[in-house]
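The values are calculated or read from the model by the stated rules, or taken from the named source; none is laboratory data. Computed from a predicted structure; not experimentally measured. Cβ placement follows ideal geometry from the backbone for every residue including glycine, while neighbour counts extend to all protein chains displayed.
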Amino acid sequence: MLSQFTNFSEKLSQIMILCIGLGLLSACSSNNIVMDTDQNTNFGAFKSYSVVSRNQEDSLSANRLISQVSQFLEANNKLVGDVGYTDALVELDHYIDYRENDSSFSIGLGTGSFGRSGGVSIGGGVSLPIGADQIPVAVVSMKVLINDRLVWSATNHHDFKTDNSASLAKAQTVAINELLERFPLSRNGS
């Protein structure tokens, strides 16, 4: 009998760990992308692109993002060239923003009694913030322009754990890869 209870307890622990892990994973995988497309543009006709960054202050991130976009375009049989000599211009922008920390830990306190004639319960609770007041957010935006006319734009953002360059680079990489998954390569921009 004791061994059955131990097996049940172990299985219950494994299920709880799995549920907590899935809950944390789903909380981190929100869709942050805002996108707009000119439906009259034939994106399939563009064979060459120039890729530039508007952010001149952070040249390391700018060069990394330009390289990622250029590699993506080349992997999709598009030429990457100098501004003014290509069919389209991809303009990148990236910066750090901050949002309010909405993470908290709640503690509930209470007492209760249960008798023959009914039950009574008294309780209270407190919510405590976890971590810093503000969370850094890596924001990446991408635009496709044809003769200075905007035909596609998308913006994505991801939180990053600490305000350091390695964490920022990882968040920017995730953000740009998610944008590139939606990059218009076909006729209707999908």
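Below, the figures for the structure above:
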item: Flag for Leu89 being buried (at least 17 other Cβ atoms within 10 Å of the Cβ) and either more than 15 Å from Gln172 (Cβ to Cβ) or touching a strand residue (DSSP E or B) at 6+ places or on another chain (Cβ under 7 Å) (or both); result: yes
item: Flag if Gln56 is touching a residue at least 60 places away in the same chain (Cβ under 8 Å) and exposed (fewer than 11 other Cβ atoms within 10 Å of the Cβ); result: no
item: Any hit, region 79-94, residues being modelled with pLDDT under 95, at positive phi and outside any helix (DSSP H, G or I); result: yes
item: Members of region 131-152 that are on the phi < 0 side of the Ramachandran plot and either of a type in the set (Gly, Ala, Ser) or surrounded by 20 or more Cβ atoms within 10 Å (Cβ to Cβ) (or both); result: Ala132, Ala138, Val140, Ser141, Met142, Val144, Val151, Trp152
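Condition check ((1) surrounded by 13 or more Cβ atoms within 10 Å (Cβ to Cβ); (2) hydrophobic (A, V, I, L, M, F, W, C); (3) under 21 Å from Thr41 (Cβ atoms)) across all residues:
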residue: Ala154; (1), (2), (3): yes, yes, yes
residue: His157; (1), (2), (3): yes, no, no
residue: Phe160; (1), (2), (3): yes, yes, no
residue: Leu168; (1), (2), (3): yes, yes, no
residue: Asn177; (1), (2), (3): yes, no, no
residue: Leu180; (1), (2), (3): yes, yes, yes
